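Derivation of every value follows stated rules applied to the coordinates shown; laboratory data play no part. Computed from a prediction, not measured in an experiment: that's the story for all the values here. Glycine gets a Cβ as well: all are built from the backbone with ideal geometry, and neighbour counts include every protein chain shown.
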Amino acid sequence: MSKAFTLWYPEIEPDISNVPFTGLREAVRSAAIKFCEKTHLWKVDLARITTNINDRDYSLTVDASLQAEIIVIDDVQYKSDGEDDDQFRTVYPVSEVQQNRNSGGGWKYSDIESPYNFYVDPVDKTTLYFVGNPTESSTEGLLVTVILKPLKTATSLPDFLYNEYREEIGHGALANLYMKKNMPWFDPNMAAYHNVPFMAACNNGKSRRITGATNMNLQVKMRPLA
C-alpha cells in the first residue's frame, strides 16, 4: 500500500496556505528522498533470481508499483539449486577497482562453482556482477535486498513513511518550501527552524536502521589494558 502526497496537506496548510499542488508534491517528494538517502530505512527483498551457468551479471528490478530506485545493495544471499531456504549463505561485496589492482583483469573470467563475492558498478546500481563465472545454476537461488528511495517522478510513498514519519517529512517539506526564493512565503529563518527536527529525524532513523528499533547499545566498549 502507498500514501498520496496530498495526505501531507495537513502538515503544510497551517503554516503556508495556498500552496499549489505541484509545489507541495515536489516539496514532500524531495524531503522523502533525502530522508531515505540519509536513513536507509526503506529496505525490500527483490524477487528471487535464477542464476545460470557462465552468467555473472544479473539485472536488479524494482517493482514498478513502488515508484522507487535503488540507492545501494544491502545484502546478497545465495543457495545451491534445490537447497532449502535455511541453506542461504551470504555473498560478500568487493570493489572492482581493488580486484583489478590485486588480481589483474583475469579475475572476472575465472570459473567458480558458486558465487562468494559480488560487485556493482558505482554508477549503474541496477546490475549485480559475480566475481567469476559460476559453473552451476540455481533456480531462484539468488536473493538480493536493496535500499530504496522514491523516484523523482513518484506520486506517493510507502505506508511506513506516512504512518511513522508523516510529521518529520512534513518538516522537511516545509523547509523546502520556505527556501523557494521566488515564492511569497520565502523565509530562510523558518526553513532553518523546520530543518532542525527534520535532520534530527534523519539521524534517529539512521540509528533505528542500525539497532532495529531496540535499545541496543551503540557504544564501543574499550578493552582493559593487559
Under 29 Å between alpha carbons, and skipping anything fewer than 8 positions from K180 in its own chain: which lysines qualify?
K3, K34, K38, K149, K152, K206
Expressed as a whole number of Å, what is the distance separating the alpha-carbon centroids of segment 125-188 and segment 42-78?
15
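Obtain the radius of gyration and the Kirkwood radius of the chain from its C-alpha atoms and give Rg over Rh. Walk me through the numbers on the way to the answer.
Details: Rg = 21.9 Å, Rh = 20.2 Å.
Rg divided by Rh gives 1.08.
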What do you get for the angle between helix 159-178 and the principal long axis of the chain? Use alpha-carbon atoms, 0 to 90 degrees, nearest ten.
60
For Y116, residues with placed amide H under 5 Å, excluding near neighbours
V131
By average C-beta atoms within 10 angstrom, highest first, the peptides 131-142, 21-32
21-32, 131-142
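Any idea what the alpha-carbon Rg over 2.2 N^0.38 Å comes to for segment 43-149?
Working: Rg = 13.7 Å, N = 107, 2.2 N^0.38 = 13.0 Å.
That works out to 1.05 for segment 43-149.
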On C-alpha positions alone, give me the angle between the axis of helix 21-39 and the longest principal axis of the chain, in degrees, nearest 10.
40
Could you give the nm distance between label points at T90 and N102, where each point is 7 Å from its Cα heading toward the beta carbon?
1.6
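What percent do you get for the relative contact order of the chain when only Cα pairs under 8 Å and 6+ apart count? Present the calculation step by step, with values, prior to reporting the outcome.
Numbers: 370 pairs, mean separation 70.4, N = 226.
Over the chain, the number comes to 31 percent.
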Compactness index (Cα Rg / 2.2 N^0.38 Å), segment 13-55:
2.06
Between 0 and 90 degrees, rounded to the nearest ten: what's the tilt of helix 188-211 against the longest Cα principal axis of the chain?
30
Write down the radius of gyration of segment 98-193 and its Dmax, each obtained from C-alpha positions, in Å.
22.6, 64
